[in-house]
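Heads up, the thing below is written out as structure tokens.
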Amino acid sequence: METEQTNVPVSAGWLGGLGAVPFVGLAGALPWLAGGIKPLVVQALLAYGATILSFLGGVHWGLAIKIPPGDGLKARLVLSVLPSLVAWIALLAGAQLGLMLLALAIAAMLWVDLRATRLGHAPLWYPKLRLPLSAIVFSALVFGALA
């Protein structure tokens, strides 16, 4: 039987789900768009993906500052800022390459999140939130890159 500790908090579930809506909406619209609006929607997907990737890094900054200096704090802080740097590079890389880079980075952050949970650094419910959201986001970014 699941405990409160392993259940995704309702607010986290709702906010996470709502956060996936722009990915699905923007990527899903791309095949139906033509002309000048399509590049704008691709740019919106790229920018939103970069924002969310940076947010995921911020989660790890928040987790890292709870540990004492010397317990791997430096490495965890460095790891927490890498998503923002990758997001910035993705924005500069252009549409297709940038979206694929973001998709790969989202997958990498899922691995980081799963590892953090196994090590006891993230709450036990976190993978239940991140797994489906990461699948949706990854799929939307790849779809957007190929559309």
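The values are calculated or read from the model by the stated rules, or taken from the named source; none is laboratory data. In this text, all values refer to a predicted model and were calculated from it rather than measured experimentally. When we count neighbours, we look across all protein chains shown, and the Cβ atoms used for this are built from the backbone with ideal geometry, even at glycine. For the accessible areas, the whole protein counts, side chains as well, though only heavy atoms, and no ligand, DNA or RNA atoms are used. Shrake-Rupley method; radii C 1.70, N 1.55, O 1.52, S 1.80 Å.
Structure values in brief
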| item | result |
| --- | --- |
| Number of the condition not met by L53 [criteria: (1) touching a Pro at 6+ places or on another chain (Cβ under 6 Å); (2) surrounded by fewer than 19 Cβ atoms within 10 Å (Cβ to Cβ)] | (2) |
| Restricting region 1-27 to residues that are free of Cβ contacts under 8 Å to residues at least 24 places away in the same chain and surrounded by 11 or more Cβ atoms within 10 Å (Cβ to Cβ), the residue that is farthest from L131 (Cα to Cα) | G25 |
| Failed item in (1) modelled with pLDDT under 95; (2) open to solvent by less than 20 Å² (accessible area, probe 1.4 Å); (3) closer than 13 Å to A27 by Cβ, with A147 passing the rest | (2) |
| A105 being within 26 Å of K66 (Cα to Cα), assigned to a helix (DSSP H, G or I), small (G, A, S) and modelled with pLDDT of 95 or more | yes |
| Residue in region 65-78 that is outside any helix (DSSP H, G or I) and among the acidic types (D, E) present | yes |
| Pairs with Cβ under 7 Å, 6+ apart, first in region 121-145 and of a type in the set (S, T, N, Q), second open to solvent by less than 20 Å² (accessible area, probe 1.4 Å) | S134/I106 |
| One residue from L92, L129 being under 26 Å from W14 (Cβ atoms), out of contact with any His (no Cβ under 7 Å at 6 or more places or on another chain) and in a helix (DSSP H, G or I) | L129 |
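Residue-wise test of (1) farther than 20 Å from V137 by Cβ; (2) more than 15 Å from the chain's Cα centre (by Cα); (3) not polar (S, T, N, Q).
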site: I37; (1), (2), (3): yes, yes, yes
site: Q43; (1), (2), (3): no, yes, no
site: G94; (1), (2), (3): no, yes, yes
site: L104; (1), (2), (3): no, no, yes
